[in-house]
Structures are given as structure tokens and as C-alpha cells.
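The values are calculated or read from the model by the stated rules, or taken from the named source; none is laboratory data. Everything quoted here is computed from the prediction, not taken from an experiment. We place every Cβ from the backbone using ideal geometry, glycine too, and count neighbours over all the protein chains shown.
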Amino acid sequence: MENHTSILINELKKLLSGGGAHVGLTEALANLNLEQISQKPQNLPYSIWQLAEHIRIAQWDMLEFSKDGNHQSPKWPDEYWPIETAPENEEAWNKTISGIEKDLLEFIELIETENLYNEIPHGQGQTLLREALQIADHNAYHIAEIVVIRRLIGAWKS
């Protein structure tokens, strides 16, 4: 059984890090300037900045929920989405990206050291495995939206 768990953890790490069957977040956000990340194409509700910040907030929330019984989630949906279409400056943009990366590394460390299958004591049946799959699924969904916006604004490689 232990070997199966280590195989699963390795696959989860690959899934969480992106790539494989789809573009990862690093590639989706590469080589963008503030003007590009702040554009909200016609009939789309979010800019790349808003999507990236939403990914950061939601992933942070799932990480904190997974490790802290006292964690209070942001109010849904208002506190999961920034109102502004653009970050204040390049430093704020870089802080979003580094926050996503830092929290993802911390979550990966959590799945490497804790039991994937035990219910989270303060949850309602959630496990680390479920949270890992939810982070991967949620991030992949919004990364695809980022790629679509990049295509619409002419900032994608193909």
C-alpha cells in the first residue's frame, strides 16, 4: 500500500505543478506586461490579473483549510475575486505570482508529510487527496481562461 501512496503523491505533484495534458500556470503567465494582464476582453468577465489573483486566494484558502482548524475562509464570492481589473503595480503582480508558487509548494509539502486519506478533523468529510484534486482542477480551469484571454489579446504563442 505504501508504494501505491508514493506513486499517487508523485502523480499529484505533477498534476498540481501543471503541464502534462495542459499548460501550467508558469507558462500561461510568462512574458506578460501590466497592460496585457489588465485587459478585460469584450464579453469576458475577468482580466488575467483577476484570474491569477483569484487562483492565489482560492489556493491559499484550500491550503489554510487543510492545515488549520481555526482558518476562516473569505466570504464567497466577493472576497475570492478582486474588483480591480489591474494590480496596483508590477510589485503587486509579482506578489500574486510568488504567493501562488509559495502556497503550492507548501501544499505539496503537506501532501508529502500527511496522510492523504484521513478526513480533515475540522472539515465535513474532506481529505488532503480531495483538496489536492480540487486545487488542481480549479487551477487548470482558470489557467485555460488565461490562455483564452491571451489568444484574444494577441499575446499567446500560437
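Can you pull out every residue in segment 95-120 that is within 15 Å of the chain's Cα centre (by Cα) and polar (S, T, N, Q)?
Scanning segment 95-120 gives Thr96, Ser98.
Out of segment 7-18, which residues are small (Gly, Ala, Ser) and either farther than 11 Å from Ile143 by Cα or assigned to a helix (DSSP H, G or I) (or both)? Reasoning before the result, please.
Here is the first cut: in segment 7-18, the ones small (Gly, Ala, Ser) are 17-18.
Result: Ser17, single match.
Tell me yes or no: at least one residue of segment 94-113 is out of contact with any Cys (no Cβ under 9 Å at 6 or more places or on another chain) and over 28 Å from Glu11 (Cβ atoms).
yes
Of all the residues that make up segment 126-142, how many are more than 19 Å from Leu8 (Cβ to Cβ) and either exposed (fewer than 13 other Cβ atoms within 10 Å of the Cβ) or in contact with a Gly (Cβ under 6 Å, 6 or more places away or on another chain) (or both)?
Here the count works out to 1.
Please tell me if Glu145 is in contact (Cβ under 8 Å) with a residue 40 or more places away in the chain, surrounded by 14 or more Cβ atoms within 10 Å (Cβ to Cβ), under 30 Å from Thr5 (Cβ atoms) and not small (Gly, Ala, Ser).
On the way: in contact (Cβ under 8 Å) with a residue 40 or more places away in the chain: yes; surrounded by 14 or more Cβ atoms within 10 Å (Cβ to Cβ): yes; under 30 Å from Thr5 (Cβ atoms): no; not small (Gly, Ala, Ser): yes.
No, not satisfied.
Between residues in segment 93-120 that are more than 30 Å from Leu34 (Cα to Cα) and residues that are in a loop (DSSP other than H, G, I, E, B), which pairs lie under 8 Å by C-beta distance while being six or more apart or on different chains?
Glu119/Gly125; Glu119/Gln126; Ile120/Gln126
Scan segment 27-43 residue by residue and report those that are in contact (Cβ under 8 Å) with a residue 40 or more places away in the chain and either among the hydrophobic types (A, V, I, L, M, F, W, C) or in a helix (DSSP H, G or I) (or both).
If the condition is that a residue be in contact (Cβ under 8 Å) with a residue 40 or more places away in the chain and either among the hydrophobic types (A, V, I, L, M, F, W, C) or in a helix (DSSP H, G or I) (or both), then Ala28, Leu29, Leu32, Leu34, Gln36, Ile37, Ser38 are the ones that fit.
Let me confirm something: among Glu53, Glu64, which residue is within 16 Å of His142 (Cβ to Cβ), of a type in the set (Asp, Glu), modelled with pLDDT of 95 or more and surrounded by 15 or more Cβ atoms within 10 Å (Cβ to Cβ)?
Glu53
Which of (1) free of Cβ contacts under 8 Å to residues at least 24 places away in the same chain; (2) in a helix (DSSP H, G or I); (3) aliphatic (A, V, I, L, M) is the odd one out, the single condition Ala21 does not satisfy?
The single condition Ala21 does not satisfy is (2).
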